[in-house]
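Comments concern the structure below.
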Amino acid sequence: MRKQIPLAICVGALALPLAACNDPKETATVAQTYGPSPTLPPPEHSWIPTVEIASVNRWPDGAKPTAANGMTVTAFATGLDHPRTVYTLPNGDVLVAESNAPPKQSGFSIKGFIYGLAQSWAGAGVPSANRITLLRDADGDGVAETRSVFLSNLNSPFGMALVGEDFYVANADAIVKFSYREGDTKISAPGVKLADLPAGPLNHHWTKDLTASADGSKLYATVGSNSNIGENGMEAEKDRAAVLEVDRASGQWRVFASGLRNPNGPAWNPTTGELWVVVNERDELGNDLVPDYMTSVKDGAFYGWPYSYFGDRVDTRVEPRRPDLVQKAMAPDYALGAHTASLGLAFNTGNLFPPDMEGGAFIGQHGSWNRKPRSGYKVIFVPFKDGKPSGPPQDVLTGFLNDNGEEQGRPVGVRLDKQGALLVADDVGNTVWRVTPAAKSAAR
């Protein structure tokens, strides 16, 4: 059942555009907002932007997403508390960050209030468990039969990375290091802060994702913007909308790449060795602007936010304008559909899936809250050839919305397990799903 927004809220939105009751016209099919050259219609400006929030009706007993032909999906673990990201340890243990946004510290605003209601209706308004749970499938049947609290009392953890015996967690405000020995099911010793990350009382995009360089000398942390298009002032965006390069020895960091509104899922392209991310783009320009995307991230590059999108397409809402930055803005590699909220990225580096999927990318699309009809709410695969996307996206998991348009689940982080199966964190369904080729569903 679709949630209806009260009239008073809609009236308030006339002055502070967030919520709405209008029905925008379609300007492009969903398929046209994917690929290296997406259709980018003229921007639409309205005082009443679209809100299309799916209410929550979690998976019935025994229900699960729909896997693509030739694939099987099973529940690796259920009964979790808002699982957001997954990480595979060398011995095959799987870590799950059970997390949500930290408590708001900034003052009341109508726009923030409406956004909070939207998040609650969409199943995202739960308190953060602030922990990482370890899942172990000791008997190799594709289901984790044991679990333990690996780390607790964290601060909205999201990104995880292991380098040698150093385990790093990206909290909402800092990277913290813990000592780890293979086989540990719990870490009790306190962590040591390696580096502060941009946070502050606003911290609009709170998720901080993480990966380590191949040689282990650097960590790369993603930091989202503090706004849609810089409306809170560019001082609030200092070192945000960026990928940071962190020296693991000293904790010192620098901005590696910028102009990425909300980057997540940092992963290394197995063919080129380049760092790639998925990015959530800006809102309130219409049903089909601006597509989220995935892209290689180059040292020193600027990707447009907030002044432009997909290269030099100027966002005229942003003042003052910066033609100097627009001129050097790089276009992303591959569009992932408007408002799909693509949050997870994992390259297929295993050998479990068919050879034609080798080196391609799995992407978790959390799903839209401001598009009619809704977009995302699925896991897709994009084939790669010679290190570049080479074809249209393919559905891997669908069915996260039921026939009534209600959320049964929402996919977020994706990761391969030790055997090469795909793990998917479902933060509304409170489940980690495991996807394999149909003939190998129980093979470990």
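The values are calculated or read from the model by the stated rules, or taken from the named source; none is laboratory data. If you're wondering where the values come from, they're calculated on a predicted model, not measured in any experiment. Every residue, glycine as well, gets a Cβ built from its backbone with ideal geometry; the counts of neighbours run over all protein chains shown. Surface areas here come from the heavy atoms of the whole protein model, side chains and all, with no ligands, DNA or RNA. Shrake-Rupley method; radii C 1.70, N 1.55, O 1.52, S 1.80 Å.
Details
- Surrounding net charge for A129, when Lys and Arg each add one and Asp and Glu each subtract one, Cβ distance under 9 Å: -1
- Solvent-accessible surface (1.4 angstrom probe) belonging to D215, in square angstrom, nearest 10: 120 Å²
- Cβ-Cβ FRET estimate between M234 and T66, R0 fixed at 56 Å, reported to 0.05: 0.80
- A probe of 1.4 angstrom, applied to the heavy atoms of all protein chains, finds D356 with accessible area near 120 square angstrom.
- Net charge contributed by nearby residues that have their C-beta within less than 11 Å of H339 (K/R +1, D/E -1): -2
- Between A438 and D395, the distance separating the two model label sites (each 7 Å from Cα on the Cα→Cβ line) works out to 1.6 nm.
- For the stretch 331-341, 3J(HN,Hα) per residue [Karplus equation, 6.51 cos²θ - 1.76 cosθ + 1.60, θ = phi - 60°, Hz, x = Gly/Pro]: 7, x, 7, 7, 6, 10, x, 6, 6, 6, 6
- Couplings for the stretch 158-174, taken from phi via the Karplus curve 6.51 cos²θ - 1.76 cosθ + 1.60 with θ = phi - 60°, read 9, x, 9, 7, 10, 10, x, 9, 10, 10, 10, 10, 9, 6, 5, 10, 6 Hz in order; Gly and Pro are left as x.
- Cα gyration tensor, the stretch 303-444 - rounded (a/c under 1.5), prolate or oblate: oblate
- Taking amide H atoms as placed 1.01 Å from N in the peptide plane, the amide H of M330 lies under 5 Å from those of F302, Y303, G304, each 5 or more residues away in sequence or on another chain.
- Cα shape, the stretch 194-242, gyration tensor, a/c 1.5 rule: prolate
- The calculated FRET efficiency for the pair E44 and D196, based on their C-beta separation and a Förster distance of 51 Å, comes to about 0.85.
- ³J(HN,Hα) computed for each position of the stretch 242-255 - Karplus, 6.51 cos²θ - 1.76 cosθ + 1.60, integer Hz, glycine/proline x: 7, 10, 9, 9, 10, 6, 6, 6, 9, x, 6, 9, 9, 6
- Simple label model, 7 Å out from Cα along Cβ direction - Q327 to E182, nm: 5.4 nm
- Dipole orientation for the chain: of the candidates P36, A329, A170, A170 has the Cα lying most toward the positive pole (charges on Cβ; Lys, Arg +1; Asp, Glu -1).
- Environment charge at G183 (Cβ cut-off 13 Å; Lys +1, Arg +1, Asp -1, Glu -1): -1
- Near the amide H of T340, within less than 5 Å, lie the amide hydrogens of D292, all on another chain or at least 5 residues away, with H placed in the peptide plane.
- Violating pairs (Cα-Cα greater than 29 angstrom) within the set K193/K238; K298/K385; K177/K418; K238/K372; K64/K385: K238/K372; K64/K385
- The overall shape of the stretch 249-294 is oblate: from the C-alpha gyration tensor, with semi-axes ordered a ≥ b ≥ c, the ratio a/c is 1.5 or greater and a/b is no larger than b/c.
- Distant-in-sequence amide contacts of F256, defined by a placed amide H-H separation under 5 Å and a gap of 5 or more residues or a different chain, comprise V243, L244, E245.
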